[in-house]
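Quick notes on the structure that follows.
Values quoted throughout were computed directly from the atomic coordinates according to the rules given, and no laboratory measurement underlies them. The shown structure was predicted, so the numbers you read here are calculated from the model rather than taken from an experiment. Heads up, the Cβs are rebuilt from the backbone with ideal geometry, glycines too, and the neighbour counts pull from every protein chain shown.
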Amino acid sequence: MAKIIGYSKLKHYWKVYFFVIPSVLLVGVFSYYPALSAMYHAFFRWNGEDINTFVGDLNFRRLMGNYWLWIFTFALFALVLFYARKNDIKSNLFRLIAGIGSMIAGAGAIAINGWAYIDMTREAAGKHFGFALLVWGTLLLAFKFFISDENKNKWIYMLIPLDFIAAAFIHATGFSSVFAWMIVMLFNGFFMWILPYAENLPHIEGARTLQSFIALGICFWGLGKHAGGDPVLWSGFTIVFILVLFNIPKMIPSIATAVVVHRLKSEKFNYFYKVLFVIPMIIPGMVYLLLWKFFFEPNVGIFNKVLIYTKIMDVLIYLDHLLGWGGIFKAGTMPVWLGNEHLVLPAFILWGFPWVGVTGVLIYLAGLQGISTSVYEAADIDGANAFEKFFHIELPLILTQIRINMVLMIIGTLQTYGFILILFGESGGPNGKLMVPGLLMFAQAFSGGQAGYACAIGLILFFFILLLTELNNRYIRVDK
Amino acid sequence: MKLGCKTKSIFSELSKHLFIFLILAMSFFPFYVMLTISGKTNAQFAGNPWTFMMPFHWENFTVAWNMVSGYIFNTIFICVTSIILTFGLTLNAAFFFARYRMPGHKALWYFFLILMLMPGIANLIPLFMLLKNLNLLNTFWALIIVDTAGAQVVQIYILRNFIEEIPQDLFDAAEVDGATLLQQVYNIVLPMSGSILSTLGILQFISIWNSYILPLVVIRDDNMLPLAVGLVRMDSEYVKNWGQLMAGYTISSIPMIIIFIFTMRLFVKGLSSAAVKG
């Protein structure tokens, strides 16, 4: 065990500190100093060199718009969390009243603030009030799902209004209502009905956690759109949000692969496949990325060739004709996947097919290792088929890993911009379609000459990620 | 499966293998394409994009080697220097945390641990300015130092757990023999931690091999670029000779594959354990 050294013995042992001082210095200078410096400079108009004037919260006002809305939302966020977490308040009715009361109070506070301080017309203030109610209703619902331990199944039905709100938000941000409903239904269908079935209803938490994250995402995102900040930033968050939504089903192939590899009888093959799955990881990521970029090249690329070869292109052309996509797919021309503003997001979503992440597979395999063969034999005797085995034996065991992976994926997606930077440079793709927040930060700092503004963007991202990490640590338990 | 009949069992095993094979085939498809095209001229590629083709143009590889070898050596230099530096620092720091409870021990520990939670996204711009003020722009040292600093936390965390498990008797015996603390680290800890260090080294190697954004903003000279940035620069030239590009990609994958062949077991174990910690 470690030697305990009190202050009295310090005289003889002070030299031991020299073992850690170099690391501390290094980390302090190259990790802490930049972080603190970013926080400091977020309040400055700074171009990185000569111009450096204190501007107060101007950067944040430019980014977030009316941030009374934000402040109150976060205050309410904390409040709702507090109410929902108080386990000694047994009465659901009390919780509900407290929640709704705080909601109305908060919305009113915003409306009054907007009216009184920001020269808002009364109508606008009224609109704010309505909007704030909506937002907090969503939040409240989200946290109901997050926390309430009793009546698990009943609460699922409360999600229906949540879906309307979600769809309304997606619609309000400029997408067609069909698309909005598609997304909502997709996720509802999958996570509310399949996952709970999967867990056979002993722990719906997984589904609820997910729904809450999605609701939370929609909530902040709607808020960002509404508050009148930098529209580029918030449409960037929209893109991130869509990418996150589509990244979730992309986790399925890894899970399926891990389960199948795990079920193999022979240990040798098990190891053999593990090794094979590691190989894509050791190919440099940049090579993989550039290969996929090459795939999407319109004339030489493989992707269009595969589409034509498998006749999917004909289907797409027919669909284009049928649904009036405006000639994105036309007979005789090759779609420019990475150069067309309508195609670049689908291309991004298809990127990396079949989406088997090596680390993902290995994480799940590690989680599955605990299942002994006798469990499978018992299931066989009971006559369970492969899917039942998956839902009753394997899924519950790797649920923790799935959740952790999911949160890490969300955090990762929030931070990614290197990928887009490589493909399109600082412009963010055709018509700035893929201008994600990280890229906006990069562009503002290195070519816009607005390093202070960029630091403020970085801080907003930082804050969101910290919030997610905190939620992850607090609510997603790692029980082994 | 003892109860089921044997043919059914074989069939189910086969279907599993088939599934894995399909997934693997799709995962490896990009690399197959890379290899096939690397031996073709543009005309050959236009004629037949799918399969290997004779004559296989090995000269693509010679041209590509001239393009990427510089980048590869730069990256290897950065990787090796940074990994050695990192080990030098983290072994000592982990030894400090594992073997001694000095006053301020807890505070120092949290000093490192908090960094694990802090997202680094806001750091880039001030970091760039800092490197600029230190006159490190356009040098390898900028990358080496930042990579070393970035690897500290995780490695200290893992190595601390490892060193704590080494029996105290060894250290006591060394102390009786009059070994200094540094000697204890380099004669007891270092020889014992071979496998864990190589896993950590491999992980760091992969991350440096793939790092893009910092080198992009820090390095200006073309002959000093590390691999990732160099490949993108190669790709962005206008007249594209796909065969040579793909040969370049192939060559830049080779060093990693060589390392992989020698350390296969460690690699799989390391990635699994890192994944679990993830």
Per-residue counts of other Cβ atoms within 10 Å, averaged by peptide: what ranking do you get for B:44-55, A:20-31, highest first?
A:20-31, B:44-55
What average number of partner chain Cβ atoms lie no more than 10 Å from the Cβ of the residues making up A:288-301?
4
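Give me the percent relative contact order of chain B, please, defined on Cα pairs under 8 angstrom at least 6 residues apart.
Numbers: 211 pairs, mean separation 93.5, N = 278.
Reported relative contact order: 34 percent.
If you wrap a convex hull around the C-alpha atoms of chain B and split its volume per residue, what is the figure in Å³?
Numbers: hull volume 60.8 nm³, N = 278.
Here the figure is 219 Å³ per residue.
What does the structure give for B:22-29 when I average, per residue, the other chain Cβ atoms found within 10 Å of the residue Cβ?
Numbers: counts 1, 12, 8, 1, 5, 12, 4, 6.
The per-residue average across the peptide is 6.
Would you mind giving the three semi-axes, in whole Å and largest first, of the ellipsoid equivalent to the range A:325-393 according to its Cα gyration tensor? Provide the component values of the computation, followed by the final result.
Numbers: eigenvalues 404, 52, 12 Å².
Value: 45, 16, 8 Å, ordered largest first.
Just checking the output field for A:271-283: average partner chain Cβ neighbours within 10 Å of each residue's Cβ?
Values: counts 3, 1, 6, 6, 5, 5, 6, 7, 9, 5, 5, 14, 11.
Per residue, the number of nearby Cβ atoms from other chains is 6 on average.
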Dividing the alpha-carbon radius of gyration of the range B:64-218 by 2.2 N^0.38 Å, where N counts its residues, gives 1.20
Using only the alpha-carbon atoms, how far is helix B:124-133 inclined from the longest principal axis of chain B? Give it as 0 to 90 degrees, nearest 10.
70 degrees
Where Lys and Arg each count +1 and Asp and Glu each count -1, what net charge lies around B:G47 among other residues with Cβ under 13 Å from its Cβ?
+2
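Net charge around A:V375, counting only other residues with Cβ within less than 13 Å of its Cβ (Lys, Arg = +1; Asp, Glu = -1)? Could the numbers behind the result be given before it?
Working: positive: A:R263, A:K389; negative: A:E377, A:D380, A:D382, A:E388, A:E394.
Residues close to A:V375 contribute a combined charge of -3.
Please go through the residue pairs A:K250/A:K305; A:K293/B:K40; A:K15/B:K106; A:K311/B:K240 and name each one whose alpha carbons sit more than 21 Å apart in this structure.
Among A:K250/A:K305; A:K293/B:K40; A:K15/B:K106; A:K311/B:K240, the Cα-Cα distance tops 21 Å for A:K250/A:K305; A:K311/B:K240.
Per residue of chain B, what 222 nm ellipticity follows from adding -39500 (n - 2.57) for every DSSP H run with n ≥ 4, rounded to the nearest 500?
Values: 13 runs with 208 residues, N = 278.
It lands at -25000 deg cm²/dmol.
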